[in-house]
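Student: Dropping the structure in here first, questions after.
Quick note: the coordinates plus some simple rules give every number you see, no bench work behind them. These figures come from a predicted structure and were not determined experimentally. Every residue, glycine among them, receives a Cβ derived from its backbone with ideal geometry; neighbour counts consider all protein chains shown.
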């Protein structure tokens, strides 16, 4: 991994051979988050929302269900993935709208070109994200065990 790491704490919720499934724990920032009540972290959330937050990691540390671990993802890779997911489709959407307006002068053509730019940006982002994932750049890595009680061990779950 290159550069600085973005770290997070997660709890092992399932094991499957050489793979563990983790759910990220609520961080201190969740207390002041305006979306905390709808993201499913603070209130326990629906099982569908919790399942959507689960991620897998290679079980190089012999993790067991209930273990709390600190994982890391390269800051550079995370920024690259964020730019792919958000900036690229947005730029192609705006560029498509501008091109459609400049070429034809029609608002309808600009709207169509913006949708085409957005779809093209999403397809390119998906392809590039798959490439980054295949190289292992988006995979979380085990750093260490997290000791002490987690947030869910001492707070009231609604």
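Student: Mind giving me the FRET efficiency for residue 104 and residue 79? R0 is 22 Å, r the Cβ-Cβ distance, nearest 0.05 is fine.
Tutor: 0.05
Student: Tell me, in nm to one decimal, what length is gained between residue 4 and residue 141 on full extension, where the rule is 0.36 nm per residue of separation less the Cα-Cα distance?
Tutor: 48.0 nm
Student: Related question: Say R0 is 22 Å: what FRET efficiency, to the nearest 0.05, do residue 70 and residue 128 get from their beta-carbon distance?
Tutor: 0.20
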